Amino acid sequence: MNKVRRKSIQDIASQLETLKSELEGLQGEEEDYRDNIPENLQGSARYEAADEACDTLGEAADGLGDIITSLEELSEG
């Protein structure tokens, strides 16, 4: 792989890292929201939706992390 393509891959990995951080921030906000739902509503649809959103945001951030790792490995090799 030439230097130009390697640099492009590194730039994409950097952009994805920014997006991953943003997703993690949103996940934290959603977790705070979920954790502040009153105890008597913790089995409600609202709580379940917030809990599912937390899981989905976490999975998305983890997926981006895997992609970032792959791109970094590719650009190094």
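Dipole magnitude for the stretch 1-62: about 820 debye, using +1 per Lys or Arg Cβ and -1 per Asp or Glu Cβ, origin at the Cα centre. Projecting the Cα atoms of Ile37, Leu57, Asn2 onto the charge dipole of the chain, computed from C-beta unit charges around the Cα centre, puts Asn2 farthest toward the positive end.
Value of Rg to Rh for the chain, rounded to two decimals, is 1.23; Kirkwood radius and Rg both from alpha-carbon coordinates.
Under a Gaussian network description of the chain, with springs only between Cα atoms under 10 Å, the residue in Leu19, Leu41, Leu64 that fluctuates furthest is Leu41. Normalised per residue, the accessible area of the chain is 69 Å², obtained with a 1.4 Å probe and no contribution from ligands, DNA or RNA.
The values are calculated or read from the model by the stated rules, or taken from the named source; none is laboratory data. If you're wondering where the values come from, they're calculated on a predicted model, not measured in any experiment. Quick reminder, even Gly has a Cβ in these numbers, built from the backbone with ideal geometry, and neighbours come from all protein chains shown. Accessible surface is based on the protein model in full, side chains and every heavy atom, while ligands, DNA and RNA are left aside. Shrake-Rupley method; radii C 1.70, N 1.55, O 1.52, S 1.80 Å.
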